[in-house]
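The values are calculated or read from the model by the stated rules, or taken from the named source; none is laboratory data. Since the model is a prediction, treat every value here as computed from it, not as a measurement. Reconstructed Cβ throughout: ideal geometry from the backbone, glycine too, with neighbour counts over all protein chains shown.
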Amino acid sequence: MARTETPRRIRGTQDIFGDEQRRFAHVLSTFERVRALYCFQRIDIPVFESTAVFARSLGETTDVVSKEMYTFEDRGGDSLTLRPEFTAGIARAYLTEGWQQFAPLKITTSGPVFRYERPQKGRFRQFHQIDAEVIGAAEPAADVELLVLADQLLRELGIADGVTLQLNTLGDAETREAWRAALVAHFEAHRGELSEDSLTRLEKNPMRILDSKDPKDRPIADSAPDIDAYLTSEARAFFDAVTAGLDAAGVAWERNARLVRGLDYYRHTAFEFVTDRLGSQGTVLAGGRYDGLIGSLGGPETAGVGWAAGVERLAMLLDEPAAAGIDAVVVPMGAAAEARATGIVADLRRAGVAVEMAYKGKMKARMAKADALGARFAIILGDDELAKGVGAVKALATGTQTEVAFADLAEALR
């Protein structure tokens with residue numbers, strides 16, 4: 001009979017366990033704690049959406065839509081896509097669920113996202129993001145609050161050192177149109193020197209040439225006109241208000257006039273928190289204002305600003321978190337002790353005590369398990385202890401041992 005081949009993990013996915021899982025969980029628990037301080041509500045949205053949600057919001061010509069999305073037809077013949085990011089699905093939910101009544105809406109979410117791209121360090125085909133958005137607030141204060149939240153998150157994770165907030169303005173619609181025309185004229189004048197990718201972008205998305213990684217493009221991109229010459233007075237005032245807010249909150253920032261977002265619905269603030277501790281993949285958190293997005297999905301013109309960060313990338317920067325401590329390991333010896341131990345363990349756990357049961361091997365092996373798990377105490381149960389209604393509680397750090405009545409165990413372990 002032919003041997004069945006063991007299934008393999010799909011390329012670009014990961015099984016998260018042990019130290020890696022502790023880092024991962026620490027990022028998420030810290031995010032939950034910090035978002036509550038800023039009074040952001042938690043939401044959860046579907047992992048897949050109608051393909052149109054992403055095609056319309058991300059733009060048909062972007063690499064994400066044209067090359068990286070996991071798109072499939074379901075049994076009803078509808079085209080569905082696994083979410084490659086959160087913002088489009090959140091905007092769809094805002095429109096279809098009637099959340100306009102709650103504006104300005106401050107929300108966060110987290111979970112897996114999917115992109116078919118070449119796996120490399122810190123980059124997977126199924127990866128995880130945390131996401132924060134403010135919808136329905138056109139004021140610069142919303143941008144500032146999101147940026148201060150991001151800064152505090154990085155500080156509380158202990159990874160703020162060596163991470164820099166880079167900031168730019170994309171102006172309002174009028175600014176953007178004037179700057180785009182100037183960029184097109186500049187790049188057209190150097191058409192013969194541009195890379196093939198940039199020639200494609202010139203037709204569809206000229207701003208993206210500014211962040212081209214191709215060495216051939218860099219001199220042309222670096223000599224392109226900055227947006228500042230085209231800023232309307234309103235756009236300049238908006239950016240000044242954002243930077244003044246960051247200064248007031250004590251958040252350091254640097255201007256990066258080459259930081260862009262290619263899609264037309266992005267306006268005003270664009271930002272990235274970057275580090276040199278992850279090699280070439282230096283961005284740990286990024287976002288911007290997308291006042292035109294909900295309108296592009298068929299809704300009323302609605303202000304929005306948000307950011308996302310990769311959980312894996314943040315976790316890679318963390319010091320190794322300590323394993324969760326165990327209060328006690330119950331060591332029963334004999335069938336009667338094992339039967340009684342089940343009830344004791346259940347009672348202790350209900351009382352909020354972290355307890356493990358060591359029910360395999362000889363006494364020495366069971367005590368060794370208690371040590372290996374890093375428990376503070378071992379509770380030894382044998383026939384003598386059962387007869388007296390006590391557990392022999394041994395402090396593993398000192399070796400001292402005392403007898404404690406079953407009813408008092410939880411209090412003694414605290």
- If you check A370, A354, which single one turns out to be small (G, A, S), crowded, with 18+ Cβ neighbours inside 10 Å, in contact with a strand residue (DSSP E or B) (Cβ under 6 Å, 6 or more places away or on another chain) and free of Cβ contacts under 8 Å to residues at least 60 places away in the same chain? A370
- Every listed condition ((1) closer than 25 Å to K121 by Cβ; (2) out of contact with any Lys or Arg (no Cβ under 9 Å at 6 or more places or on another chain)) holds for T283 save (2)
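For segment 71-92, enumerate the residues that are closer than 23 Å to G287 by Cβ and either among the small types (G, A, S) or not in a helix (DSSP H, G or I) (or both).
Taking segment 71-92 first, the residues closer than 23 Å to G287 by Cβ are 81-92.
Passing the criteria: T81, L82, R83, P84, E85, F86, A88, G89, A91.
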- Restricting segment 1-43 to residues that are assigned to a helix (DSSP H, G or I) and of a type in the set (A, V, I, L, M), the residue that is farthest from Q129 (Cα to Cα): L37
- Filtering segment 386-414 down to residues that are farther than 19 Å from M333 by Cβ, small (G, A, S) and part of a helix (DSSP H, G or I) yields A407, A410, A412
- Unique match (being in a strand (DSSP E or B) and either outside the structural domain of L153 (by TED's automatic domain parsing) or modelled with pLDDT of 95 or more (or both)) among L246, L285: L285
- Query: Which of the residues belonging to segment 274-303 are touching a strand residue (DSSP E or B) at 6+ places or on another chain (Cβ under 6 Å) and among the acidic types (D, E)?
  - Reply: D291
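Residue-by-condition table, conditions (1) under 27 Å from E312 (Cβ atoms); (2) surrounded by 14 or more Cβ atoms within 10 Å (Cβ to Cβ); (3) out of contact with any helix residue (DSSP H, G or I) (no Cβ under 9 Å at 6 or more places or on another chain):
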residue: T164; (1), (2), (3): yes, yes, yes
residue: E174; (1), (2), (3): no, no, no
residue: I209; (1), (2), (3): no, yes, no
residue: P215; (1), (2), (3): no, no, yes
residue: D247; (1), (2), (3): no, no, yes
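Would you mind finding the one in P140, P112 that is touching a His at 6+ places or on another chain (Cβ under 6 Å) and at pLDDT 90 or above? Walk me through how you get there before you give the answer.
On the way: P140 fails: touching a His at 6+ places or on another chain (Cβ under 6 Å).
Only one candidate qualifies: P112.
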- Message: Quick test for you: out of A337, A370, pick the one residue that is assigned by TED's automatic domain parsing to the domain that holds G391, aliphatic (A, V, I, L, M), part of a helix (DSSP H, G or I) and touching a Lys or Arg at 6+ places or on another chain (Cβ under 9 Å).
- Response: A370
- Single match in L199, L183, L231, L194 (criterion: buried (at least 18 other Cβ atoms within 10 Å of the Cβ), at pLDDT below 90 and more than 32 Å from the chain's Cα centre (by Cα)): L194
- Query: Do any residues in segment 163-182 that are part of a helix (DSSP H, G or I) have Cβ atoms under 6 Å from those of residues that are among the polar types (S, T, N, Q) and modelled with pLDDT of 95 or more, where the two are at least six apart or on different chains, and which pairs are they?
  - Reply: E174/T232; T175/T232
- Task: Scan segment 115-148 residue by residue and report those that are among the hydrophobic types (A, V, I, L, M, F, W, C), crowded, with 21+ Cβ neighbours inside 10 Å and more than 19 Å from L314 (Cβ to Cβ).
- Result: V134, I135, A142, V144
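Matching residues to (1) touching a residue at least 12 places away in the same chain (Cβ under 8 Å); (2) assigned to a strand (DSSP E or B); (3) under 26 Å from the mean Cα position of the chain (by Cα); (4) within 20 Å of E156 (Cβ to Cβ):
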{"position": "I294", "(1), (2), (3), (4)": "yes, no, yes, no"}
{"position": "A309", "(1), (2), (3), (4)": "yes, yes, yes, yes"}
{"position": "I344", "(1), (2), (3), (4)": "yes, no, no, no"}
{"position": "L348", "(1), (2), (3), (4)": "yes, no, no, no"}
